[in-house]
Structures are given as C-alpha cells and as structure tokens.
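Undergrad: Structure below; questions to follow.
The values are calculated or read from the model by the stated rules, or taken from the named source; none is laboratory data. As the structure is a prediction and not an experimental result, all values here were calculated from the model. A quick note on method: Cβ atoms are made from the backbone with ideal geometry, for glycine too, and the neighbour counts reach across all protein chains shown. Only protein heavy atoms, including side chains, enter the accessible area calculation; ligands, DNA and RNA are left aside. Shrake-Rupley method; radii C 1.70, N 1.55, O 1.52, S 1.80 Å.
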Amino acid sequence: MILRPLIPLALAVSLVVSSCSSIGDKKTGDGKISTIANTGYRSPYYAWPARRNPDIGLPSYFTKSIGVSHSRGLTNQPYIAMTFDDGPHAKNTPRLLDILRQRNIKATFYVIGKNVDMYPYLTRRIVAEGHEIGNHTYTHRNLKRLSDAQVISEMSRTRTSIVKATGVQPRTMRPPYGALYQRQREMILNKFGYPTIMWAVDPRDWQRPGVSVVRSRILSDTTNGAIVLAHDLHAPTVDAMPSTLDGLLAKGFKFVTVSQLLNQKAARSR
Ligand SMILES: [Zn+2]
C-alpha cells in the first residue's frame, strides 16, 4: 500500500528527467534549433476589461518654445491625457495604478513634493509603470500669494524629491487651484523649462459629487486633445475611473501623457 503511489511518482520523475533536454527545442536539417510549442502549460485566466488602450509610440520631446500655458493638445486627433493631482496617496494611488495598468493607459501624475518624500516607493511605481510625473509644488499653497523666491523653492524642492525618488525629472508643472500669474508662469518656464499645464475638463471631483456624476461630467465634456483634471487623493474619484476610462475608450479616445500631447503640438508648428 505504501509503495503504490511511489511507483508512478518515480516513473513520472524519470520521464520528466529523460525528456527534459528535448522539450521545446528541435534540431532542423540545417543544424539550427527551432522551438516547438509547449502545449502542456496553460496560463491562468485573468478577467481583463474588454477594452484596452492601444500601444502608442508617440514621442514626448518638446522645448521651451512650445509656449507658456496649455489646457489641451491638438483637436484633430482623438488623443487625450488623464491627469491626477495631489498624490501619491497610500491607498488610492496603488488602486488607480492597477486600474490604469489593466487598460494599458499611461497617465500624468501631478505630485505634491511632501507626499513624494512620504511615499517615494509609490512615486517610483508610477514611473516604473510608464506614467509621467509633473511638478505640483511642495506644500500645495496658492502660488499667487508667494514671492518669486518662494515659488522657486516650491518648484525646486519638489523636483529634488522626484529625482531622488525616481531618477527622472518632471517636465511640466500644474499650479495648485490653477492659480498662477502670467509673469510667474513665464518665470517658471524660463527657470525650470516647465510649461504650465491647466485642463480642458474639470469634473470638480474634489467636491465629491459621487461616482456617477464624476463619470458623466468627464464623458460628456471630453473632446479631442482634452487634458482631463482628476485627483487620486479622493477615493470616489478612483472608484469612478474603471467605468469612466472604459467609457472614454468606447468613444474612441486614445490615452497619452501630457508631454506626448505637447510634442504633437510642437510637431504641427514646425
Ligand atoms: Zn492640487
């Protein structure tokens, strides 16, 4: 009784060992090795959403000549950019990253420097998964009320935190509350090379109007080239994202980062 299960096991082991070197490889007549299908293994099923953003190989290069402020890209193509402000957040940002990854969507995160210092590993994950990082100041104050030296400090402290955490530089900035004088925008572009990025669609998700309102505002207001404002700080915003993103994909929009939108604008003006 004890030996019965051992015999088939020993047989199985000897079979695996003896056939090990030949699985998957076969020598052809000219001496090259060709690979044959390994049909013995099946990947576990994973319920991916029906719609996925296509792989988009648009370049993301631009210079200061792109201009000071932007709220959208080109309107003759279906590219749009999702932007998420005020993170990284310990719970909501990882959840959002999962949602984006499942749909092959690259977004742009306007992070707050002090949150980057608190969650450097989350900031690294944002970059590692192919998203773009933008500068959203260190302390999220109204920059219109700050001196030039204070504004420069907000920008450079955040840049240092992002570079320390991820090894990459932010390329653009977004002012908290959208508050920034034209003169300040020009100073930031000259000093840091950051265009000021506003938005074309604002679902006012920070007022927490509920998942269906956030979704319907974004779906009804988004047009070609739109930069969409949202906040990964708020759980209901992240709750709204699966159906919102699926709805945008169903309408034929393709997701790119802010820098990719800017590159397209630059390419048209050349
Ligand atoms: Zn903000």
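Undergrad: Too long at a 27 Å Cα-Cα cut-off: which of LYS91/LYS114; LYS91/LYS251; LYS164/LYS191; LYS106/LYS164?
TA: Those over the limit are LYS91/LYS251.
Undergrad: Turning to a different aspect of this structure: Starting from the Cα of SER60, step 7 Å toward the Cβ, then list every residue of region 158-182 with an amide N under 18 Å from that point.
TA: Taking a point 7 Å out along Cα→Cβ of SER60, the residues of region 158-182 whose backbone N falls under 18 Å are 159-174.
Undergrad: Cut-off under 15 Å on the C-alpha distance; same-chain residues fewer than 8 positions from LYS64 excluded. Which aspartates and glutamates are left, in chain and number order?
TA: By straight Cα distance, LYS64 reaches GLU186.
Undergrad: Probe 1.4 Å, all protein chains in place: accessible area of PHE62 in Å², nearest 10?
TA: Ignoring ligands and nucleic acids, PHE62 comes out at about 20 Å².
Undergrad: Rounded to the nearest 5, what % of the DSSP beta bridges within region 68-269 are antiparallel ones?
TA: Percentage antiparallel, nearest 5: 5.
Undergrad: Now, a different point. In region 237-255, which residues have a backbone nitrogen under 18 Å from the label point lying 7 Å from SER216's Cα in the Cα-to-Cβ direction?
TA: Answer for this model: 237, 239-248.
Undergrad: How do LYS254, LYS91, LYS64 rank by accessible surface area computed with a 1.4 Å probe, from largest to smallest?
TA: LYS91, LYS64, LYS254
Undergrad: Moving on. With a 1.4 Å probe and every protein chain left in place, work out the accessible area per residue of region 105-194 in Å², rounded to a whole number.
TA: 43 Å²
Undergrad: Can you give me the % of accessible surface on region 68-269 that is carbon or sulfur? Probe 1.4 Å, all protein chains present, nothing else counted.
TA: 49 percent
Undergrad: Follow-up question, since we're still on this one. Length gain on complete extension for the stretch LYS191 to MET118, per 0.36 nm per residue less the alpha carbon to alpha carbon distance?
TA: Contour length minus Cα-Cα distance gives 23.6 nm.
Undergrad: Limiting things to C-alpha atoms, what are the Rg and the maximum Cα-Cα separation (Dmax) for region 68-269, in angstroms?
TA: Expressed in Å, the Cα Rg and Dmax of region 68-269 come to 15.7, 46.
Undergrad: Arrange the peptides 140-153, 214-227 so that the one whose residues have, on average, the most other Cβ atoms within 10 Å appears first.
TA: Order by mean packing, descending: 214-227, 140-153.
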